[in-house]
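J.: The structure's right below; bear with me while I get my questions together.
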């Protein structure tokens, strides 16, 4: 198909495009879901990440 | 360098410097955003993740493997998107983020260590990362050097040192912090470059179907050595099967390529990506589930155009080199002889003036030439001569023309490489040959930037592995002067190790080294990681046992069973006098099975059986790990 000799290779090509499409569809469908305000532990983690990890490097 | 190339180069550097300076004022790492309680643009987050994931290893290394072995590598693209983006972001991302923040873990080993109340887990995990990440870093650096070489026509070793110097300067200038804006910018330019690469390739070769058709028609030109191990053409999968136990000679080998391609390259990287330490910590830097959902869009598209393009353009480069390449040059010597050594497998060398007859008879004929723009004292360029080649001497001062008519891997054979060529040089040669110089340079610069973001995340992981996971866990010191020093020294040691390895093991190594590291991480860490996030009954003993079994099984298989690694490392031969320990009564195909497909099931089984057979962690602790209050 499309000049490709092996169906298995064509399938890989098609599945690559299809899975990228799946990612787009999933992301668009869930675009506005899952918005949570940051909790104290998130901010505490971020502070520690800056001070202990990033400043070290 | 001609005026147009110089102009475009200057515009590019100026634009990057300007945007970098504008961005510098607002220089923000992910942690900066989190501290401020703000959301990063999800496209920026996804592109930054993509730039960390994709590097010269993927484009140059795996692209070169695809050019050699064919479009079957697109199965890896499928896994990269479906597993590396979709499954990783949708199912693992948010639990990793919540658990990481809740347990206050800043590295992958720390996440496992706190979840399973095991300092041993954190220390051993840290050691594995620190000792083996240089392999992957080496692959990325070699990829950069293999690209710099052909574009600027300088020797590999010089290119290696130049790139290493650029990386070191980047590290010292504080580039380690993983500034997302810069990452995303470079990723965008890379994306544009890859789209141009794909469109131009299809256009030159006659369109979508015609290009594939031409490649299919070239199947008879697969080198005999590759045919013998199962290569059936660049638009077909290799031959699948399992050699009869005890077989030898030609009957022993016809399925080797399938098993190497599928188990090492496709599965090793495709599955191993889930347990890559430098990618896992990325999920902890995201502000909410919504960011992950939105990032999936950009992530999927980005990976498709990075690896998808590389694994299509790579194989198609065979059609370009065989049917389209025309080198306009000045012929210097159309009977240059290069010596491949007594077994034909050595690096090609020039013949000494007093060469023996037997050396002359085994030497191969090359054409030596110079491109316009090459300096007179610059090293000559070489291309392998075959009867298919046409040579046209230019009249009236016009340039000479060579139409080599070679397949891609053969086109890379030159002074210093093996006669069979260097897959890692195919993509650089293709870009240098088929595209205007300005495109090659811009593509190179963005490729190097993608490599830089990967390298910075690797060094980040190496540094925190030895400083925080090993040293701080063992000594109990937190963020002391000593631990900072050890972290920074660890990074330097890792860089030095990567460069040293790069000089030792060059040629056809990028994809293999990457796959080895991904497979090792997958077998060692994946069961414990999944258990940490999803299985409350997993115990400390189960996690630790699965880590050790996964690591040791991978090591054993790599050292004593898998032919490529066992022969390359040489320990089996040194200790037992044999290349591998596979009994003669077993199928020889076992030597081409990747450690991952044996070690991962073993470590998974170990995790389950040992967990069920040992005392569970306290309910209070498990509750805490899954979102509850911290026990007193």
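J.: Considering only residues that are facing chain B (nearest Cβ under 7 Å), in a helix (DSSP H, G or I) and closer than 20 Å to residue B:458 by Cα, which ones fall in region A:47-57?
T.: Of everything in region A:47-57, those that are facing chain B (nearest Cβ under 7 Å), in a helix (DSSP H, G or I) and closer than 20 Å to residue B:458 by Cα turn out to be A:49, A:50, A:52, A:53, A:54.
J.: Which residue, of A:24, A:9, A:28, is facing another protein chain (nearest Cβ under 7 Å) and closer than 30 Å to residue B:219 by Cβ?
T.: Answer to the selection: A:9.
J.: In the set B:187, B:203, which member is within 30 Å of residue B:431 (Cα to Cα), in the same structural domain as residue B:40 (by TED's automatic domain parsing) and at pLDDT 95 or above?
T.: Answer to the selection: B:203.
J.: I'd like to check something: does region B:402-424 contain any residue that is part of a strand (DSSP E or B), surrounded by fewer than 24 Cβ atoms within 10 Å (Cβ to Cβ), at pLDDT 90 or above and over 24 Å from the mean Cα position of the chain (by Cα)?
T.: yes
J.: Let me ask another. Scan region B:605-612 and give yes if some residue there is assigned to a helix (DSSP H, G or I), surrounded by 16 or more Cβ atoms within 10 Å (Cβ to Cβ) and under 30 Å from the mean Cα position of the chain (by Cα), otherwise no.
T.: yes
J.: Okay, moving on. Looking at region B:209-229, can you tell me whether even one residue there is within 8 Å of another protein chain (Cβ to nearest Cβ) and part of a loop (DSSP other than H, G, I, E, B)?
T.: no
J.: Continuing with this model, one more query. Which residues, taken from region B:355-392, are closer than 17 Å to residue B:337 by Cα and assigned to a loop (DSSP other than H, G, I, E, B)?
T.: B:355, B:356, B:363, B:379, B:380, B:385, B:386, B:387, B:389
J.: Considering each residue of region B:94-124, count those that are within 13 Å of chain A (Cβ to nearest Cβ) and either part of a helix (DSSP H, G or I) or touching a strand residue (DSSP E or B) at 6+ places or on another chain (Cβ under 6 Å) (or both), and give that number.
T.: 14
J.: Of the residues B:380, B:391, B:445, which is within 24 Å of residue B:199 (Cα to Cα) and in contact (Cβ under 8 Å) with a residue 12 or more places away in the chain?
T.: Just one listed residue meets the conditions, B:445.
J.: Could I ask something else about it? What single numbered condition from (1) closer than 23 Å to residue B:490 by Cα; (2) within 9 Å of another protein chain (Cβ to nearest Cβ) fails to hold for residue B:70?
T.: Residue B:70 satisfies every listed condition except (1).
J.: Please find, among B:136, B:86, the residue that is touching a helix residue (DSSP H, G or I) at 6+ places or on another chain (Cβ under 9 Å), surrounded by fewer than 22 Cβ atoms within 10 Å (Cβ to Cβ) and part of a helix (DSSP H, G or I).
T.: Result of the check over B:136, B:86: B:86.
J.: Let me ask something else. So is residue B:620 surrounded by fewer than 20 Cβ atoms within 10 Å (Cβ to Cβ) and in the same structural domain as residue B:114 (by TED's automatic domain parsing) or not?
T.: Here the answer is yes, as residue B:620 does meet what is asked.
J.: Report, by residue number, each residue of region B:557-574 that is part of a helix (DSSP H, G or I) and out of contact with any helix residue (DSSP H, G or I) (no Cβ under 8 Å at 6 or more places or on another chain).
T.: Result: B:568, B:574.
Residues checked against (1) closer than 30 Å to residue B:215 by Cα; (2) more than 7 Å from chain B (Cβ to nearest Cβ):
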site	(1), (2)
A:1	yes, yes
A:16	yes, no
A:20	yes, no
A:39	no, yes
A:44	no, yes
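The values are calculated or read from the model by the stated rules, or taken from the named source; none is laboratory data. All values reported here derive from a predicted model rather than from experimental measurement. Counting neighbours? That spans all protein chains shown, and the Cβs are built from the backbone with ideal geometry, glycine included.
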